[in-house]
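Remarks on the structure that follows.
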Amino acid sequence: MKCIYCGHLEDKVIDSRLSAEGNSVRRRRECLKCERRFTTYEYVEQIPLLVVKKDARRESYDRNKILSGIIKACEKRPVSIQKIEDMVTSIERVMMRKYEKEIPSAVIGELIMEKLAGVDDVAYVRFASVYRQFKDVNQFMSELKDILGKDVKKEGKAVPSKPKAKSRR
């Protein structure tokens, strides 16, 4: 490692530590010529992930786009920023595990909706209405019925039927 003070190419490592996040190594070094100390960080080199848009354009993956979309969907909802950050991190892990260089934007959208559905139904519907670009109320109602059907199955309750009107004879 080249000394930042004198440019000498030889040094010794005094201390090595894993960063708090666990994604880098911090090394404290001392130059063997001028004896001054400096710190270096080592990171795992990541290949940039490209997002393939619907029109086949490719653009660099941007975590902030996912984060801002989820924040908008969760606006005025009881979802903490920590929960939102955890969702984005979880989505990124799935993306990195399944895709090496390119990922379709549709896959990202579906991953986001999957996470939101498990956290907040209103946020899910908000995101889905923008993402799926509902053309009319019928599409929107269909999505709501799907959510309500899943909620009923989760609770293990039967859907109550409407009481029949009594005949007056």
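The values are calculated or read from the model by the stated rules, or taken from the named source; none is laboratory data. Keep in mind that what you see is a predicted model, and the values were worked out from it rather than measured. Glycine gets a Cβ as well: all are built from the backbone with ideal geometry, and neighbour counts include every protein chain shown. The area values use the complete protein model at the heavy-atom level, side chains included, leaving out ligands, DNA and RNA. Shrake-Rupley method; radii C 1.70, N 1.55, O 1.52, S 1.80 Å.
Residues in segment 1-39 that are open to solvent by 70 Å² or more (accessible area, probe 1.4 Å), acidic (Asp, Glu) and at pLDDT 95 or above: 10, 35.
I need a count of the residues in segment 108-139 that are outside any helix (DSSP H, G or I) and open to solvent by less than 60 Å² (accessible area, probe 1.4 Å). Residues flagged as outside any helix (DSSP H, G or I) and open to solvent by less than 60 Å² (accessible area, probe 1.4 Å) within segment 108-139 amount to 2. Exactly one residue among 70, 81 is farther than 30 Å from residue 9 by Cβ and touching a residue at least 12 places away in the same chain (Cβ under 8 Å), and that residue is 70.
Being in contact with a strand residue (DSSP E or B) (Cβ under 7 Å, 6 or more places away or on another chain) and under 25 Å from residue 89 (Cα atoms) is a property that residue 44 lacks.
Taking the criterion of being among the aromatic types (Phe, Trp, Tyr) and touching a Pro at 6+ places or on another chain (Cβ under 8 Å), the only residue of segment 27-66 that qualifies is 61.
Scanning segment 40-58 for residues that are surrounded by 11 or more Cβ atoms within 10 Å (Cβ to Cβ) and in a loop (DSSP other than H, G, I, E, B) yields 49, 53. The residues of segment 84-102 that are within 10 Å of the chain's Cα centre (by Cα) and touching a residue at least 12 places away in the same chain (Cβ under 8 Å), listed by number, are 84, 85, 87, 88, 90, 91, 92, 94, 95.
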